[in-house]
1. What residue, among those in region 129-150 that are assigned to a helix (DSSP H, G or I) and open to solvent by less than 40 Å² (accessible area, probe 1.4 Å), is farthest from I97 (Cα to Cα)?
2. Which pairs have Cβ atoms under 9 Å, sit 6 or more apart or on different chains, and link a residue in region 157-177 that is in a helix (DSSP H, G or I) to one that is of a type in the set (K, R) and open to solvent by 50 Å² or more (accessible area, probe 1.4 Å)?
3. Six or more apart or on different chains, Cβ atoms under 6 Å: show the pairs whose first residue is in region 108-125 and farther than 24 Å from N33 by Cα and whose second is exposed (fewer than 12 other Cβ atoms within 10 Å of the Cβ) and of a type in the set (G, A, S).
4. When you look at T26, is it over 14 Å from the mean Cα position of the chain (by Cα) and either among the polar types (S, T, N, Q) or surrounded by fewer than 13 Cβ atoms within 10 Å (Cβ to Cβ) (or both), yes or no?
5. Out of V65, V55, which single residue is out of contact with any strand residue (DSSP E or B) (no Cβ under 8 Å at 6 or more places or on another chain), surrounded by fewer than 17 Cβ atoms within 10 Å (Cβ to Cβ) and on the phi < 0 side of the Ramachandran plot?
6. Within region 89-121, which residues are modelled with pLDDT of 95 or more, open to solvent by 70 Å² or more (accessible area, probe 1.4 Å) and not acidic (D, E)?
7. Which one of these is assigned to a helix (DSSP H, G or I) and out of contact with any helix residue (DSSP H, G or I) (no Cβ under 9 Å at 6 or more places or on another chain): F47, F53, F59?
Amino acid sequence: MENTTSTKSVATPFGIYLGILLSLITVLAYAFNLELFTSWYLGVFNFIIIIAFLVLSEFKSRKAVADPAFSFKDAFIAAFIPIAIGLLISTIVSIIIFNFVDPEAAQTVVELTAEMTRKMMEGFGLPEAEVDKVVAEVMNTNQFTPLNQLKTYVFQLAFWAAIGLILALIFRKKDPQTY
């Protein structure tokens with residue numbers, strides 16, 4: 001009996017759930033403390049959550065689709081679809097928050113980022129002129145414009161696609177009849 005479950009149908013809900021969770025984290029960070037947007041641990045936390053969702057998607061897709069094989073293509077789709085959907089939802093939420101709901105929050109995060117950059121560069125002992133130049137660049141770049149957020153989405157998608165390729169290599173299952 002042929003399996004009619006597709007990798008896309010199994011992976012899509014993981015993308016929606018991932019998007020909701022990443023959006024919730026963004027909304028909570030916005031509501032409670034804008035400094036969280038400049039913290040390394042929020043990035044690490046998001047990274048761990050994304051990896052967990054991708055691995056779960058791989059396991060569930062492999063279980064539902066692998067009969068008897070789980071191709072590299074299916075394994076990649078099982079990782080790529082959740083990240084594409086999840087990051088898109090999260091990006092849309094960020095665009096709404098920082099461009100329509102509270103544009104001043106975007107400027108606050110840019111200022112916090114500039115302050116953090118200054119402290120870090122001074123800690124490295126860099127010349128004051130170099131520090132001032134980099135801080136001025138940070139202050140003049142609004143990472144929260146819709147265009148910049150969409151650019152970030154594309155770069156994140158490329159990064160996570162590479163991770164998806166690695167996961168596909170790990171989770172693929174060759175057809176035992178081809179040996």
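The values are calculated or read from the model by the stated rules, or taken from the named source; none is laboratory data. None of these values were measured; they are calculated from a predicted model. Neighbour counts run over all protein chains shown; Cβ positions are idealised from the backbone, glycine included. Surface areas here come from the heavy atoms of the whole protein model, side chains and all, with no ligands, DNA or RNA. Shrake-Rupley method; radii C 1.70, N 1.55, O 1.52, S 1.80 Å.
1. Restricting to residues being assigned to a helix (DSSP H, G or I) and open to solvent by less than 40 Å² (accessible area, probe 1.4 Å), the top hit is V131.
2. Cβ pairs passing all conditions: A168/K73; F171/R62.
3. Sorted first by the residue in region 108-125, then by its partner, the list stays empty.
4. So T26 does not fit the description; no.
5. Step by step, each of V65, V55 is checked, and only V55 is out of contact with any strand residue (DSSP E or B) (no Cβ under 8 Å at 6 or more places or on another chain), surrounded by fewer than 17 Cβ atoms within 10 Å (Cβ to Cβ) and on the phi < 0 side of the Ramachandran plot.
6. I92, I96, F100, V101
7. Sole residue among the options that is assigned to a helix (DSSP H, G or I) and out of contact with any helix residue (DSSP H, G or I) (no Cβ under 9 Å at 6 or more places or on another chain): F47.
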